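Step one of this worksheet: look at the structure below.
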Amino acid sequence: MRKRFGWFIVFLMIGPRLYAKADMPAGVSTDTPTMHVEQQPVATDLSVYRIHPVIDGSVIGVAALGALLPLIYEPKIIKKNCPCDSGNVNWFDRPVIQYHSPVARTAGDITVGLAIAVPPLLDGMDLGFKDQAFKEDFVVYAEVLAVDSAISNAFRYTIQRPRPDAYRVSPMSSQPGEFTSFYSGHVASTFAALSAASMTYNLRYGPHVWPWLITAGVGLGEGATRILAGRHFYTDVVAGMAAGTAIGIGIPYLHERNKHSTVSITPQISPDSAQLVFQRSF
């Protein structure tokens, strides 16, 4: 967990490309029927977030302390020890006790590190690390990761659920970190980071499905590694997915610069083709 906390303090945001606001193509009549639907805004410049330095700085600072302090005082907070009775584990989670893959554990550590580190690196390479839009992205991303870690630790150090390994190893473990299973911080951080990156990409460049497919694919892979490594139960992983996704979407949404834009979807039919033309307004 200490390594994961270090990751979220250091790294941040997503890499995109320049996006031009679409104009109505010539030849489309103004009498052509259109359909208006609500849509996430696409900024005409590169800035997609509104930052309040005092508020956001305070949130990041408090959340970072909430993430760090439980790690520092872990032996004083967690007083549980084993032997642990596998009969107390629900039927759905119980099969995970048999899993213990060091390879999966290493793969999971690498995956969460890359999921956190790569998006801000790409964003900085694209926008420029000194660009104002990148700085705004960085603040939002940092806030996502700080809040995600603080909430995750609040659950893990309050519930103090034994990890699957605690039911399997002999002699039984008495390490405090073996009682922080619910919910999975690795999985939550992966989904939070990539969901925030997907939000940023869609706000800047318009609706795209592929960032969310990457988020789901990498996140599910991370969840699988934590289960196969014997570090988390199924329910720990599912809860981590839900919490990380909610935070990764919610915080960028609260910072969104333009929340009220529309898109016109206009059918264009010719003898040779049929297509839909998109026009965005802000």
Quick check on my filter: what residues within region 208-228 are in contact with a Phe, Trp or Tyr (Cβ under 7 Å, 6 or more places away or on another chain) and of a type outside the set (Val, Ile, Thr)?
208, 211, 219, 228
Determine, yes or no, whether residue 105 is under 16 Å from residue 163 (Cβ atoms), among the basic types (Lys, Arg) and free of Cβ contacts under 8 Å to residues at least 12 places away in the same chain.
no
Only one of 83, 41 is at pLDDT below 95, assigned to a loop (DSSP other than H, G, I, E, B) and in contact with an Asp or Glu (Cβ under 9 Å, 6 or more places away or on another chain); which?
41
If a residue must be modelled with pLDDT of 95 or more, β-branched (Val, Ile, Thr) and touching a Ser or Thr at 6+ places or on another chain (Cβ under 6 Å), how many such residues does region 86-105 contain?
0
Residue list for region 106-140, filter: touching a Ser or Thr at 6+ places or on another chain (Cβ under 8 Å) and hydroxyl-bearing (Ser, Thr, Tyr):
111
Would you call residue 260 touching a helix residue (DSSP H, G or I) at 6+ places or on another chain (Cβ under 9 Å), surrounded by fewer than 24 Cβ atoms within 10 Å (Cβ to Cβ), over 17 Å from residue 140 (Cα atoms) and at pLDDT below 95?
no
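The values are calculated or read from the model by the stated rules, or taken from the named source; none is laboratory data. Please read these numbers as outputs of a predicted model, since none were measured by experiment. When we count neighbours, we look across all protein chains shown, and the Cβ atoms used for this are built from the backbone with ideal geometry, even at glycine.
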